[in-house]
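Have a look at the structure below before the remarks.
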Amino acid sequence: MCEECWELIAKADDTEFLDSLELTHAERKVLEELYKQGEDRIIEILDLQGKALHDAILELSDELLIEIGELGKVLVLVQTGELFTVQFEQAVYDAFQPLYHLAGETELVALDPDKVWSVENKAASRFAKKLKKLVPDMNGTSKDVMTRAFQKAIKEGKTPSERALLVREISAAAAKGDAGPFDMERSITVSRTMSTAAANGGKVEGWKQSEVVTGKKWRSSKGDRTRKTHRKADGQVQPLDKPFVVGKSKLMFPGDPTGRKEEIIRCRCTMQSVMD
Ligand SMILES: [Zn+2]
(Lines give C-alpha, C1' and ligand atoms only; values in the text may rest on other atoms or scores of the structure.)
Protein backbone atom coordinates (compact mmCIF):
# COMPACT_ATOMS: atom_id res chain seq x y z
CA MET A 1 0.00 0.00 0.00
CA CYS A 2 1.19 3.54 -0.71
CA GLU A 3 2.73 5.67 1.98
CA GLU A 4 -0.07 8.26 1.91
CA CYS A 5 -2.66 5.49 2.24
CA TRP A 6 -0.98 4.20 5.39
CA GLU A 7 -0.84 7.69 6.78
CA LEU A 8 -4.54 8.22 6.07
CA ILE A 9 -5.49 4.96 7.77
CA ALA A 10 -3.30 5.80 10.73
CA LYS A 11 -4.84 9.25 10.98
CA ALA A 12 -8.42 7.92 10.89
CA ASP A 13 -7.63 5.39 13.61
CA ASP A 14 -5.88 7.97 15.73
CA THR A 15 -8.82 10.34 15.50
CA GLU A 16 -11.20 7.70 16.79
CA PHE A 17 -8.80 6.69 19.53
CA LEU A 18 -8.12 10.27 20.61
CA ASP A 19 -11.87 11.04 20.62
CA SER A 20 -12.39 8.25 23.11
CA LEU A 21 -9.93 9.84 25.54
CA GLU A 22 -12.20 12.89 26.01
CA LEU A 23 -9.37 15.39 26.18
CA THR A 24 -9.46 19.17 26.13
CA HIS A 25 -8.38 20.84 22.92
CA ALA A 26 -4.97 21.76 24.33
CA GLU A 27 -4.31 18.26 25.69
CA ARG A 28 -5.28 16.76 22.40
CA LYS A 29 -2.86 18.98 20.52
CA VAL A 30 -0.04 17.88 22.82
CA LEU A 31 -1.01 14.25 22.41
CA GLU A 32 -1.14 14.50 18.63
CA GLU A 33 2.29 16.09 18.60
CA LEU A 34 3.68 13.31 20.83
CA TYR A 35 2.23 10.68 18.51
CA LYS A 36 3.89 12.30 15.58
CA GLN A 37 7.25 12.65 17.30
CA GLY A 38 7.19 9.00 18.36
CA GLU A 39 6.27 7.84 14.91
CA ASP A 40 8.92 9.99 13.21
CA ARG A 41 11.63 8.72 15.51
CA ILE A 42 10.64 5.09 14.95
CA ILE A 43 10.63 5.67 11.17
CA GLU A 44 14.14 7.14 11.43
CA ILE A 45 15.46 4.20 13.43
CA LEU A 46 13.93 1.57 11.17
CA ASP A 47 15.39 3.39 8.20
CA LEU A 48 18.88 3.27 9.72
CA GLN A 49 18.38 -0.35 10.71
CA GLY A 50 17.38 -1.31 7.16
CA LYS A 51 20.47 0.39 5.76
CA ALA A 52 22.75 -1.27 8.33
CA LEU A 53 21.32 -4.65 7.39
CA HIS A 54 21.92 -4.03 3.71
CA ASP A 55 25.51 -2.90 4.35
CA ALA A 56 26.15 -6.08 6.34
CA ILE A 57 24.60 -8.22 3.58
CA LEU A 58 26.84 -6.57 0.96
CA GLU A 59 29.88 -7.61 2.98
CA LEU A 60 29.02 -11.30 2.65
CA SER A 61 30.56 -13.50 -0.03
CA ASP A 62 28.29 -15.21 -2.59
CA GLU A 63 28.72 -18.48 -0.71
CA LEU A 64 27.61 -17.08 2.62
CA LEU A 65 24.79 -15.13 1.03
CA ILE A 66 22.90 -18.26 0.12
CA GLU A 67 23.14 -19.84 3.57
CA ILE A 68 20.03 -18.98 5.50
CA GLY A 69 21.75 -19.62 8.83
CA GLU A 70 24.39 -17.05 8.00
CA LEU A 71 21.77 -14.49 6.95
CA GLY A 72 19.90 -15.11 10.19
CA LYS A 73 23.08 -14.36 12.15
CA VAL A 74 23.51 -11.05 10.32
CA LEU A 75 19.90 -10.10 11.03
CA VAL A 76 20.21 -10.82 14.73
CA LEU A 77 23.48 -8.92 14.89
CA VAL A 78 21.94 -5.80 13.33
CA GLN A 79 18.85 -5.92 15.55
CA THR A 80 20.52 -6.71 18.82
CA GLY A 81 23.55 -4.53 18.21
CA GLU A 82 23.90 -2.07 21.03
CA LEU A 83 23.37 0.95 18.81
CA PHE A 84 19.87 -0.03 17.73
CA THR A 85 18.77 -1.54 21.00
CA VAL A 86 19.73 1.62 22.85
CA GLN A 87 18.24 3.91 20.21
CA PHE A 88 15.01 1.98 20.08
CA GLU A 89 14.60 1.91 23.84
CA GLN A 90 15.38 5.60 24.08
CA ALA A 91 12.87 6.46 21.35
CA VAL A 92 10.20 4.43 23.08
CA TYR A 93 10.97 6.12 26.37
CA ASP A 94 11.11 9.68 24.99
CA ALA A 95 7.98 9.42 22.92
CA PHE A 96 5.67 7.27 24.95
CA GLN A 97 6.53 8.01 28.57
CA PRO A 98 5.12 11.58 28.24
CA LEU A 99 1.93 10.09 26.81
CA TYR A 100 1.59 7.90 29.88
CA HIS A 101 1.97 10.89 32.19
CA LEU A 102 -0.37 13.10 30.18
CA ALA A 103 -3.12 10.49 30.05
CA GLY A 104 -2.74 9.76 33.77
CA GLU A 105 -2.69 13.37 34.86
CA THR A 106 -5.68 14.26 32.69
CA GLU A 107 -7.79 11.55 34.28
CA LEU A 108 -6.66 12.37 37.80
CA VAL A 109 -7.31 16.11 37.59
CA ALA A 110 -10.70 15.57 35.94
CA LEU A 111 -11.73 13.37 38.86
CA ASP A 112 -10.26 15.50 41.61
CA PRO A 113 -8.74 18.91 40.78
CA ASP A 114 -7.00 19.01 44.18
CA LYS A 115 -4.88 15.94 43.53
CA VAL A 116 -1.41 16.29 42.12
CA TRP A 117 -0.10 13.70 39.67
CA SER A 118 3.21 12.34 40.86
CA VAL A 119 5.63 12.08 37.96
CA GLU A 120 8.08 10.07 40.01
CA ASN A 121 5.57 7.36 40.69
CA LYS A 122 6.80 3.79 40.78
CA ALA A 123 4.11 2.70 38.38
CA ALA A 124 5.57 4.94 35.67
CA SER A 125 9.04 3.43 35.90
CA ARG A 126 7.58 -0.07 36.02
CA PHE A 127 5.62 0.82 32.92
CA ALA A 128 8.72 2.10 31.11
CA LYS A 129 10.46 -1.22 31.77
CA LYS A 130 7.48 -3.16 30.45
CA LEU A 131 7.30 -1.03 27.34
CA LYS A 132 10.94 -1.68 26.55
CA LYS A 133 10.23 -5.41 26.63
CA LEU A 134 8.10 -4.92 23.52
CA VAL A 135 11.19 -4.09 21.47
CA PRO A 136 12.70 -7.61 21.34
CA ASP A 137 9.25 -9.01 20.54
CA MET A 138 8.88 -6.70 17.61
CA ASN A 139 12.41 -7.44 16.43
CA GLY A 140 11.48 -11.12 16.46
CA THR A 141 8.57 -10.46 14.13
CA SER A 142 10.73 -8.49 11.72
CA LYS A 143 13.41 -11.19 11.73
CA ASP A 144 10.79 -13.76 10.70
CA VAL A 145 9.62 -11.54 7.84
CA MET A 146 13.16 -11.04 6.51
CA THR A 147 14.11 -14.70 6.90
CA ARG A 148 11.08 -15.79 4.90
CA ALA A 149 11.92 -13.32 2.12
CA PHE A 150 15.55 -14.54 2.00
CA GLN A 151 14.43 -18.18 1.98
CA LYS A 152 12.16 -17.49 -0.96
CA ALA A 153 15.00 -15.81 -2.87
CA ILE A 154 17.33 -18.75 -2.23
CA LYS A 155 14.69 -21.18 -3.46
CA GLU A 156 13.91 -19.17 -6.58
CA GLY A 157 17.49 -18.70 -7.78
CA LYS A 158 18.65 -21.36 -10.21
CA THR A 159 22.41 -21.03 -9.76
CA PRO A 160 24.38 -20.03 -6.65
CA SER A 161 25.27 -16.64 -8.13
CA GLU A 162 21.66 -16.00 -9.14
CA ARG A 163 20.57 -16.86 -5.60
CA ALA A 164 23.14 -14.48 -4.14
CA LEU A 165 21.93 -11.75 -6.48
CA LEU A 166 18.30 -12.25 -5.43
CA VAL A 167 19.26 -12.09 -1.76
CA ARG A 168 21.08 -8.81 -2.38
CA GLU A 169 18.04 -7.44 -4.20
CA ILE A 170 15.77 -8.34 -1.28
CA SER A 171 18.01 -6.61 1.22
CA ALA A 172 18.32 -3.54 -1.04
CA ALA A 173 14.51 -3.31 -1.28
CA ALA A 174 14.22 -3.72 2.50
CA ALA A 175 16.82 -0.99 3.08
CA LYS A 176 14.77 1.42 0.96
CA GLY A 177 11.62 0.49 2.88
CA ASP A 178 9.99 -0.93 -0.26
CA ALA A 179 9.50 -4.35 1.29
CA GLY A 180 10.15 -6.17 4.52
CA PRO A 181 10.10 -4.93 8.07
CA PHE A 182 11.63 -1.47 7.66
CA ASP A 183 8.73 0.19 5.88
CA MET A 184 6.12 2.73 6.86
CA GLU A 185 3.68 0.03 7.88
CA ARG A 186 5.98 -1.37 10.51
CA SER A 187 6.78 2.08 11.90
CA ILE A 188 3.08 2.71 12.30
CA THR A 189 2.57 -0.70 13.88
CA VAL A 190 5.30 -0.09 16.43
CA SER A 191 4.24 3.43 17.35
CA ARG A 192 0.56 2.50 17.37
CA THR A 193 1.13 -0.36 19.76
CA MET A 194 3.23 1.77 22.08
CA SER A 195 0.79 4.69 22.10
CA THR A 196 -2.19 2.50 23.02
CA ALA A 197 -0.18 0.99 25.85
CA ALA A 198 0.99 4.38 27.09
CA ALA A 199 -2.39 6.12 26.98
CA ASN A 200 -4.25 3.26 28.65
CA GLY A 201 -1.50 2.51 31.17
CA GLY A 202 -1.50 6.16 32.23
CA LYS A 203 -5.28 6.18 32.57
CA VAL A 204 -5.29 3.23 34.97
CA GLU A 205 -2.60 4.87 37.09
CA GLY A 206 -4.54 8.16 37.14
CA TRP A 207 -7.65 6.32 38.33
CA LYS A 208 -5.69 4.57 41.06
CA GLN A 209 -4.27 7.86 42.30
CA SER A 210 -7.77 9.41 42.32
CA GLU A 211 -8.90 6.91 44.99
CA VAL A 212 -12.49 7.25 43.73
CA VAL A 213 -12.39 4.98 40.70
CA THR A 214 -12.76 1.34 41.68
CA GLY A 215 -13.08 -0.45 38.36
CA LYS A 216 -12.49 -0.28 34.64
CA LYS A 217 -14.61 -1.19 31.66
CA TRP A 218 -13.08 -2.37 28.36
CA ARG A 219 -14.24 -0.46 25.30
CA SER A 220 -13.29 -2.07 22.03
CA SER A 221 -12.56 0.16 19.06
CA LYS A 222 -15.26 0.28 16.43
CA GLY A 223 -13.37 -0.46 13.18
CA ASP A 224 -13.74 -3.66 11.11
CA ARG A 225 -10.17 -4.53 11.96
CA THR A 226 -10.98 -4.93 15.64
CA ARG A 227 -10.10 -8.47 16.74
CA LYS A 228 -12.91 -10.86 17.67
CA THR A 229 -11.43 -11.32 21.12
CA HIS A 230 -11.47 -7.55 21.67
CA ARG A 231 -15.03 -7.15 20.43
CA LYS A 232 -15.98 -9.89 22.87
CA ALA A 233 -14.21 -8.01 25.66
CA ASP A 234 -16.27 -4.88 25.02
CA GLY A 235 -18.10 -3.98 28.23
CA GLN A 236 -16.07 -6.33 30.45
CA VAL A 237 -15.72 -4.79 33.92
CA GLN A 238 -12.85 -5.58 36.30
CA PRO A 239 -11.63 -4.11 39.59
CA LEU A 240 -8.76 -1.65 38.99
CA ASP A 241 -6.08 -4.03 40.21
CA LYS A 242 -7.38 -7.11 38.35
CA PRO A 243 -6.67 -7.90 34.69
CA PHE A 244 -9.17 -8.17 31.86
CA VAL A 245 -9.43 -11.61 30.32
CA VAL A 246 -8.99 -11.17 26.58
CA GLY A 247 -8.56 -14.25 24.42
CA LYS A 248 -5.82 -16.23 26.11
CA SER A 249 -4.28 -13.15 27.68
CA LYS A 250 -4.72 -11.34 30.95
CA LEU A 251 -4.32 -7.64 30.26
CA MET A 252 -4.34 -4.90 32.89
CA PHE A 253 -5.43 -2.50 30.11
CA PRO A 254 -5.68 -2.52 26.31
CA GLY A 255 -2.14 -2.70 24.92
CA ASP A 256 -0.64 -4.02 28.20
CA PRO A 257 2.97 -4.72 27.12
CA THR A 258 3.14 -7.86 29.25
CA GLY A 259 0.34 -9.51 27.24
CA ARG A 260 0.74 -11.87 24.28
CA LYS A 261 1.70 -9.95 21.20
CA GLU A 262 -1.28 -11.21 19.17
CA GLU A 263 -3.54 -9.40 21.64
CA ILE A 264 -1.70 -6.09 21.78
CA ILE A 265 -0.09 -5.29 18.42
CA ARG A 266 -2.00 -2.39 16.80
CA CYS A 267 -4.78 -2.52 19.39
CA ARG A 268 -6.87 0.68 19.57
CA CYS A 269 -9.21 -0.24 22.39
CA THR A 270 -9.75 2.04 25.39
CA MET A 271 -11.43 1.93 28.80
CA GLN A 272 -14.03 3.73 30.87
CA SER A 273 -13.77 4.28 34.60
CA VAL A 274 -16.20 2.55 36.93
CA MET A 275 -17.16 3.96 40.33
CA ASP A 276 -19.12 2.21 43.06
ZN1 LIG B 1 -8.14 -3.85 20.79
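Only helices (runs of 4 or more DSSP H) wholly contained in region 7-125 count here; list those with 1 or more residues that are modelled with pLDDT of 75 or more and in contact with a strand residue (DSSP E or B) (Cβ under 8 Å, 6 or more places away or on another chain).
Because the criterion is at least 1 residues that are modelled with pLDDT of 75 or more and in contact with a strand residue (DSSP E or B) (Cβ under 8 Å, 6 or more places away or on another chain), the helices (runs of 4 or more DSSP H) in region 7-125 that meet it are 82-111.
Please give the number of the condition E205 fails out of (1) within 16 Å of F127 (Cα to Cα); (2) of a type in the set (D, E); (3) within 16 Å of the ligand (Cβ to nearest atom).
Looking at each condition in turn, E205 falls short on (3).
Please identify the pairs in which a residue from region 222-249 that is in contact (Cβ under 8 Å) with a residue 60 or more places away in the chain and at negative phi has its Cβ atom under 8 Å from the Cβ atom of a residue that is part of a loop (DSSP other than H, G, I, E, B) and within 9 Å of the ligand (Cβ to nearest atom), counting only partners at least 6 apart or on another chain.
G223/R268
Of V213, V204, which residue is more than 24 Å from A91 (Cα to Cα) and more than 14 Å from the chain's Cα centre (by Cα)?
V213
Could you look through region 240-269, keep only residues that are among the β-branched types (V, I, T) and under 12 Å from the mean Cα position of the chain (by Cα), and pick out the one that is modelled with the lowest pLDDT?
I265
Taking the stated definitions as given, is N139 among the polar types (S, T, N, Q), within 21 Å of Q209 (Cα to Cα) and either in contact with a strand residue (DSSP E or B) (Cβ under 6 Å, 6 or more places away or on another chain) or at pLDDT below 80 (or both)?
no
Taking the condition of being within 15 Å of the ligand (Cβ to nearest atom) and part of a loop (DSSP other than H, G, I, E, B), how many residues in region 209-247 meet it?
Adding up the residues that qualify gives 13.
Just one of (1) among the β-branched types (V, I, T); (2) more than 22 Å from the chain's Cα centre (by Cα); (3) within 25 Å of A95 (Cβ to Cβ) trips up V237, so point out which.
The single condition V237 does not satisfy is (3).
Select from region 256-272 the residues that are in a helix (DSSP H, G or I) and more than 9 Å from the ligand (Cβ to nearest atom) and write down the one among them that is farthest from G201 (Cα to Cα).
E262
K129 is checked against (1) within 30 Å of V212 (Cα to Cα); (2) under 16 Å from the mean Cα position of the chain (by Cα); (3) crowded, with 19+ Cβ neighbours inside 10 Å and fails just one. What number does that condition carry?
Against the list (1) within 30 Å of V212 (Cα to Cα); (2) under 16 Å from the mean Cα position of the chain (by Cα); (3) crowded, with 19+ Cβ neighbours inside 10 Å, K129 comes up short only on (3).
The values are calculated or read from the model by the stated rules, or taken from the named source; none is laboratory data. Please read these numbers as outputs of a predicted model, since none were measured by experiment. Reconstructed Cβ throughout: ideal geometry from the backbone, glycine too, with neighbour counts over all protein chains shown.
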